[in-house]
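What follows is calculated from the coordinates using simple rules that are stated; it is not laboratory data. These numbers come from a predicted model, not from an experiment. As a convention, Cβ positions derive from the backbone with ideal geometry for all residues, glycine included, and neighbour counts pool all protein chains shown.
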């Protein structure tokens with residue numbers, strides 16, 4: 001995780017990174033989000049950012065966006081889609097559009 005943090009810092013500092021993105025990995029997790037997940041789950045800096053860790057982080061984000069409520073029938077599909085499109089810009093909401101303008105992607 002320490003190396004990933006350093007890499008994301010270099011990504012953000014790169015003048016060619018016109019969108020100032022630090023998104024990386026299977027689920028394109030940005031540095032601020034990754035740091036928040038790491039803190040919430042007490043993941044040590046020595047942990048590897050391997051596929052299992054990335055899946056674990058994505059599951060955490062799914063939980064934050066309401067997947068458990070949806071699966072239990074307490075959240076409707078449209079609300080879940082809206083929530084997920086706010087987490088992952090590439091996912092469309094129920095209207096078929098993403099939550100963010102295309103220029104930010």
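Against the chain, whose longest principal axis is taken from its Cα atoms, helix 51-64 shows a tilt of about 40°. Against the chain, whose longest principal axis comes from its Cα atoms, helix 77-87 is set at around 10 degrees. Size check on the range 1-48: the Cα extents along the three principal axes, sorted descending, read 33, 17, 16 Å. Among the listed options (i) 14.1, 43; (ii) 15.0, 46; (iii) 12.9, 39, the one matching Rg and Dmax of the Cα atoms in Å as calculated from these coordinates is (ii). Compute the angle between helix 2-13 and the longest alpha-carbon principal axis of the chain, please, reported from 0 to 90 degrees and rounded to the nearest 10. For 2-13 against the chain, the angle is about 90 degrees.
For the pair residue 40 and residue 79, the difference between a 0.36 nm per residue extended length and the Cα-Cα distance amounts to 11.6 nm. With neighbour counts taken as other beta-carbon atoms within 10 Å, the residues 21, 85, 42, 90 rank, fewest first, as 42, 90, 21, 85. In percent, rounded to a whole number, the relative contact order of the range 1-48 is 39, using alpha-carbon pairs under 8 Å and six or more apart. For the chain, the relative contact order works out to 18 percent when only alpha carbon pairs closer than 8 Å and six or more residues apart are counted.
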